[in-house]
Amino acid sequence: MELSGDTSCIAAARRLAAEFLARAGTEQHVDVSDHALGLTQLVVSELVTNARRHAPGPALMELRIADSTVEVTVQDSVPVRPTIHASDPQRIGRHGLEIVAAVAADFYVRLEDTGKRVTANIALTDPSAPRPPEP
């Protein structure tokens, strides 16, 4: 999905992520917990917001199922590694990447000649959910 224009693309990206996970569940029989859906939408919101706020020009979002995770990648035009600020409950704002890094099973940034790709993997199952009994 190309992300351009005003901030309405953030809501559109969240909807796209929910639709993608719903299709993965129905078409590919991928188990997606409600917890994973919520975290994925949160991560999408934070990464897209950062791309729109800090990078000129269009940005791209890619979603894919990778093993037992959903991989969320947002690519923008600024080839500078974003800063994850140290936890500070007194700070107002700039918590987005701190949140993403905390909830993601994996988080990394790849710099490219044309910008960067920020990727977060979200577990599709809720690790705190009780497991069904073994047969």
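The table that follows gives values for the structure above.
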| item | result |
| --- | --- |
| All helices (runs of 4 or more DSSP H) inside region 1-108 with 3 or more residues being among the small types (Gly, Ala, Ser) and modelled with pLDDT of 95 or more | 8-28, 34-54 |
| Contacts under 7 angstrom Cβ, first residue in region 96-110 being farther than 10 Å from LEU39 by Cβ, partner assigned to a loop (DSSP other than H, G, I, E, B) and not charged (D, E, K, R), 6 or more apart | LEU97/PRO82; LEU97/ILE84; GLU98/ILE84; GLU98/HIS85; GLU98/SER87; ALA101/ILE84; VAL109/PRO82 |
| Residue check for GLU27: more than 18 Å from THR73 (Cβ to Cβ) and charged (D, E, K, R) | yes |
| Selected residue [free of Cβ contacts under 8 Å to residues at least 40 places away in the same chain, within 26 Å of ALA11 (Cβ to Cβ) and touching a helix residue (DSSP H, G or I) at 6+ places or on another chain (Cβ under 9 Å)] from SER45, SER87 | SER45 |
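The values are calculated or read from the model by the stated rules, or taken from the named source; none is laboratory data. These numbers come from a predicted model, not from an experiment. Every residue, glycine among them, receives a Cβ derived from its backbone with ideal geometry; neighbour counts consider all protein chains shown.
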